[in-house]
């Protein structure tokens with residue numbers, strides 16, 4: 001047989017040569033169209049379901065989220081197996097399908113099962129499918145930075161977008177970035193709202209992930225003492241901010257054959273607008289967010305290492321520091337109430353009978369003075385066992401509360417029917433007794 005093959009090749013040498021050339025041409029054509037990857041993606045056909053729910057332990061995540069999701073995915077056509085991961089506040093379920101199953105069909109089936117599984121999940125849980133990619137799908141990494149950091153080696157033109165002579169940075173939108181935090185957060189804003197939307201339109205790109213940087217957020221930190229003094233709750237503050245952060249359409253006005261669109265732009269733009277939101281009114285005077293809370297950009301607070309450490313003593317340093325801050329802020333709120341409500345002068349006592357707020361507070365004041373005297377004597381007896389710094393802080397806080405009590409009592413005598421002042425006085429009583437206790 002081998003002799004016949006050799007004889008045929010020698011007798012038809014030109015035909016064999018043409019066949020070899022044809023095979024080489026086909027091979028070169030196939031080589032140009034062959035997808036070559038330095039690291040071939042051997043990940044199986046799979047769909048990821050990620051769920052964030054802060055506050056739950058891994059055991060609760062497994063019971064309330066991961067296990068129901070795995071049960072909901074069972075029985076999908078083409079499903080090979082599922083595996084899951086439960087961590088603090090995070091759940092991940094990976095559904096692996098056979099290689100002959102289309103990934104778009106698999107995602108459609110998973111999405112239908114997720115719609116049914118949401119009924120069995122805790123309120124607020126929203127499982128989401130991951131992008132159509134794998135861990136080996138990362139193709140390009142870049143960094144966003146200022147071309148001239150800190151304004152070095154650049155001609156400064158005040159008033160134009162760019163670095164200013166005072167060290168700030170003026171954005172094309174007209175926002176002036178003064179602090180390092182604002183300048184760093186702006187880079188993440190450029191990444192999320194300028195670069196990322198443009199890259200997501202590229203063909204074959206599954207997703208664009210942002211890594212690192214400061215995401216710009218506004219933190220509203222309520223002061224419980226101020227909220228209590230005004231008779232407000234945390235929910236009142238939340239609802240007020242929600243109501244004042246919406247844009248509504250007001251229709252249009254027809255005039256001489258033309259239509260003028262009327263709109264109300266109520267979206268919050270900066271910290272100052274948040275601080276000026278009206279939460280409620282008292283006797284016709286508005287109570288703004290800055291009266292009961294502090295508004296700041298996320299990350300502007302000092303690190304935890306800068307705060308005083310807790311020491312083993314009768315009074316912890318952390319509790320005293322926090323209490324002193326609350327009391328100082330409560331005194332500032334009291335000054336606001338007295339100057340705005342009383343107008344700097346005495347308020348006339350309303351005519352007529354009936355028990356006033358001042359009269360109803362007499363029994364409570366007597367009980368407070370008696371309990372205060374007992375606790376103060378106990379504090380004096382154990383003062384020698386406490387650290388000097390602890391004693392100094394407690395005595396300073398007592399002085400602050402006594403001054404606040406004197407101001408409230410004087411204001412209440414000028415306005416005996418003021419229920420707000422009565423509530424504030426009762427709160428100050430409880431604060432001093434808690435401090436001595």
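Side notes on the structure shown:
- Between residue 126 and residue 294, the simple label model (points 7 Å from Cα in the Cβ direction) yields a spacing of 3.1 nm.
- Rounded, prolate or oblate (a/c below 1.5 giving rounded, otherwise prolate when a/b exceeds b/c) for the range 211-272 by Cα gyration tensor: oblate
- Approximating the spin labels as points 7 Å out from Cα along Cα→Cβ, the residue 198-to-residue 15 distance works out to 6.2 nm.
- Seen from a random direction on average, the alpha-carbon convex hull of the range 11-134 projects onto 11.4 square nanometres.
- Cα-based shape type of the range 163-286, given that a ≥ b ≥ c are square roots of the gyration tensor eigenvalues and the cut on a/c is 1.5: oblate
- Compactness of the range 157-235 as Cα Rg over 2.2 N^0.38 Å, two decimals: 1.63
- Legend: ranking of residues 142, 163 from fewest to most surrounding C-beta atoms inside 10 Å; resulting order 142, 163.
- Within the range 15-71, all pairs of alpha-carbon atoms sorted by distance into 5 Å bins from zero give the percentages 4, 12, 12, 9, 8, 8, 7, 6, 6, 5, 6, 6, 5, 4, 2, 0.
- Cβ-Cβ FRET estimate between residue 4 and residue 98, R0 fixed at 51 Å, reported to 0.05: 0.65
- The Kirkwood hydrodynamic radius of the range 86-152, based on inverse pair distances between different Cα atoms, is 16.0 Å.
- Alpha-carbon spread of the range 50-101, three principal axes, descending order, Å: 39, 15, 12
Laboratory data are not the source of any read-out in this text; all were calculated from the coordinates shown. What you see is a predicted model; the values in this text were computed from it and never measured. Positions of Cβ are generated from backbone atoms using ideal geometry, with glycine treated the same way; all protein chains shown enter the neighbour counts.
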